[in-house]
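The values are calculated or read from the model by the stated rules, or taken from the named source; none is laboratory data. Please read these numbers as outputs of a predicted model, since none were measured by experiment. Here Cβ is always computed from backbone atoms with ideal geometry, including for glycine, and neighbour counts include all displayed protein chains.
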Amino acid sequence: MDNLSVGKQIALLRANKGLTQAEIGERLGVSFQAVSKWERGETLPDISLLPLLSDVLETTIDNILLGSEKSLCYRGRIKVEDIIEGLCCLKRMGELMGKENIIYLHAIDGINTGMNTDIGEAFINDRVFEAFVAEAVIQSLKAGYYVDITDINRHFKYSHFRDIVRNFAKKYGIS
């Protein structure tokens with residue numbers, strides 16, 4: 001790994017996303033000059049910025065540093081079934097504690113605010129629920145977790161969401 005190769009890769013990924021150096025800098029809390037220095041190979045991004053940079057560029061840290069999409073190691077394995085159960089537990093929390101309970105309200109509000117959506121709709125609409133499951137799997141993949149393709153195929157009944165998650169997994173070296 002050398003600075004120039006990493007810089008060229010950052011520039012390529014940024015250009016492919018249609019982002020300017022200033023936009024990358026703004027999202028990362030650094031100046032456009034810092035991004036420019038990375039792209040010219042003068043410096044490398046601080047290690048603490050790499051997870052956010054990979055999110056902004058919608059790729060892996062491996063791809064930024066090594067020029068390959070395949071993740072070399074995973075933090076652990078996630079199961080789609082466990083994600084589904086977790087979302088069902090959230091719904092059940094409202095039933096058990098009451099939908100006016102402050103803890104439940106803050107949990108729901110945090111999700112709705114963070115995702116700019118209404119998770120309540122997922123509790124009454126199977127398609128919306130599956131969209132939330134897909135988003136949770138994708139966020140786990142971005143965080144470095146592994147999910148088996150057969151697990152994705154087994155638990156997604158809507159081909160639209162199954163395909164999105166499978167394509168995302170492929171980006172992270174899972175096929």
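A few remarks follow.
- Scanning segment 88-130 for residues that are closer than 25 Å to D163 by Cα, touching a helix residue (DSSP H, G or I) at 6+ places or on another chain (Cβ under 6 Å) and either surrounded by 15 or more Cβ atoms within 10 Å (Cβ to Cβ) or in contact (Cβ under 8 Å) with a residue 24 or more places away in the chain (or both) returns I111, I119, A122, F123, V128, F129, E130.
- Of everything in segment 77-112 that is of a type in the set (K, R) and in a helix (DSSP H, G or I), the residue that is nearest to the chain's Cα centre (by Cα) is K91.
- Of all residues in segment 27-42, none satisfies being closer than 29 Å to Y146 by Cβ, touching a residue at least 40 places away in the same chain (Cβ under 8 Å) and either within 17 Å of the chain's Cα centre (by Cα) or part of a helix (DSSP H, G or I) (or both).
- The set of residues in segment 113-159 being under 14 Å from R77 (Cβ atoms) and part of a loop (DSSP other than H, G, I, E, B) consists of A143, G144, V147, D148.
- Those residues of segment 142-169 which are touching a residue at least 60 places away in the same chain (Cβ under 8 Å) and either buried (at least 18 other Cβ atoms within 10 Å of the Cβ) or of a type outside the set (A, V, I, L, M, F, W, C) (or both), in sequence order: K142, G144, Y145, Y146, V147, D148, D151, I152, R154, H155, F156
- Candidate set: segment 74-87, residues that are touching a strand residue (DSSP E or B) at 6+ places or on another chain (Cβ under 7 Å) and surrounded by 14 or more Cβ atoms within 10 Å (Cβ to Cβ); chosen: the one nearest to I61 (Cα to Cα): Y74
- When segment 57-94 is limited to residues that are under 23 Å from H155 (Cβ atoms) and charged (D, E, K, R), the one that is modelled with the lowest pLDDT turns out to be R75.
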